[in-house]
Amino acid sequence: MLDVRDLSVSYGTIRAVRGISFTVGKGELVSLLGANGAGKSSTIKAIAGAMKTSGGAVTLEGKDITSANPEQVIRAGLATVPETRDVFPDLTVAENLMLGAYIHRRDHAGNRENLDRLHTLFPRLAERASQAAGTLSGGEQQMLVIARALMARPSVLLLDEPSLGLAPAIVERIFEMIETLKKSGLTILLVEQNVNQALAVADRAYVMRLGAIVASGTADEIRSTSDLSAHYLGG
Ligand code: ATP
């Protein structure tokens, strides 16, 4: 589904991502783990078309999206929820959601149907539909940005640190939602520092350190590699 080959990302002379390769299969939930500065966000930004790559290739369902811009990437079927969790604060929850449907803006019936589905999944967003997005709690804003990305009807969802800065009870709920999305058949790449929670929902995981992938395997394999957390994940 998503195939990343020898991907490199640089900021001037800083090589943030050093030729990494990984895949995410259809319907799989794959987690990309690593401590601060490992290169996870740079990887996500490069895949999403928000940053230029300095080498390698990204393919989505066989289509080369390496040099695509963010809109082209979304149209190809890949939506991203960045860690910045940006909502349009002065717009309502409903208006924020409709902006996510930009590429389907003429398909009113399809958008209505998708919105109904997302309201079932995120009932809180239905309750808050006419509230300004800037007045939502942190957890609600995270749900909103996930739902907004899903309004694009992607086949692959990239989630960058969805648990960042949220209280444990909210993190629990966000992960429950991620599991529900996985069960619905969505393909997900989940970037997390929250290793235990991420491995609990992931089929497979890759561990990054200093711009390289240093371990990969099923969630169980990664978990049972006892020195991983100490050496690579800062745990
Ligand atoms: P975090 O979880 O803290 O976001 P990360 O694993 O996502 O970490 P990146 O944000 O991808 O890591 O950063 C990888 C490396 O690239 C780091 O050394 C970082 O300092 C560097 N870096 C990131 N953004 C920039 C930038 N705009 N300019 C220069 N260097 C950058």
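The values are calculated or read from the model by the stated rules, or taken from the named source; none is laboratory data. Here the structure is a predicted model, which is why all the values come from computation and not from measurement. Reconstructed Cβ throughout: ideal geometry from the backbone, glycine too, with neighbour counts over all protein chains shown. All accessible areas refer to the heavy atoms of the entire protein, side chains included, with ligands and DNA or RNA removed. Shrake-Rupley method; radii C 1.70, N 1.55, O 1.52, S 1.80 Å.
Could you look through region 54-87, keep only residues that are in contact (Cβ under 8 Å) with a residue 40 or more places away in the chain and polar (S, T, N, Q), and pick out the one that is farthest from the ligand (Cβ to nearest atom)? So, considering only residues that are in contact (Cβ under 8 Å) with a residue 40 or more places away in the chain and polar (S, T, N, Q), the one farthest from the ligand (Cβ to nearest atom) is Thr59.
Hey, among Arg85, Arg75, which residue is under 25 Å from Ser184 (Cα atoms), crowded, with 18+ Cβ neighbours inside 10 Å and of a type in the set (Lys, Arg)?
Criteria check complete, one pass: Arg85.
Filtering region 96-134 to residues that are in contact (Cβ under 8 Å) with a residue 24 or more places away in the chain, open to solvent by 40 Å² or more (accessible area, probe 1.4 Å), out of contact with any Asp or Glu (no Cβ under 8 Å at 6 or more places or on another chain) and over 21 Å from Gly77 (Cβ atoms) leaves Ser130, Gln131.
Selection of region 135-152 for residues being surrounded by fewer than 18 Cβ atoms within 10 Å (Cβ to Cβ) and either within 16 Å of the ligand (Cβ to nearest atom) or not in a helix (DSSP H, G or I) (or both) yields only Ser137.
The rows are residues; the columns are (1) under 18 Å from Glu83 (Cβ atoms); (2) away from the ligand (no atom under 13 Å from the Cβ); (3) of a type outside the set (Ser, Thr, Tyr).
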{"position": "Glu161", "(1), (2), (3)": "yes, no, yes"}
{"position": "Leu164", "(1), (2), (3)": "yes, no, yes"}
{"position": "Val171", "(1), (2), (3)": "yes, yes, yes"}
{"position": "Met177", "(1), (2), (3)": "yes, yes, yes"}
{"position": "Ser184", "(1), (2), (3)": "no, yes, no"}
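Taking region 34-53 as the range and being near the ligand (Cβ under 6 Å from one of its atoms) and either assigned to a loop (DSSP other than H, G, I, E, B) or open to solvent by 40 Å² or more (accessible area, probe 1.4 Å) (or both) as the test, the residues that pass are Gly34, Asn36, Gly37, Ala38, Gly39. Here the condition is being at pLDDT 90 or above and in a strand (DSSP E or B); of Leu157, Leu97, it holds for Leu157 alone. Could you list all residues from region 8-32 that are touching a helix residue (DSSP H, G or I) at 6+ places or on another chain (Cβ under 6 Å) and within 9 Å of the ligand (Cβ to nearest atom)? Scanning region 8-32 gives Val9, Ala16, Val17, Leu32.
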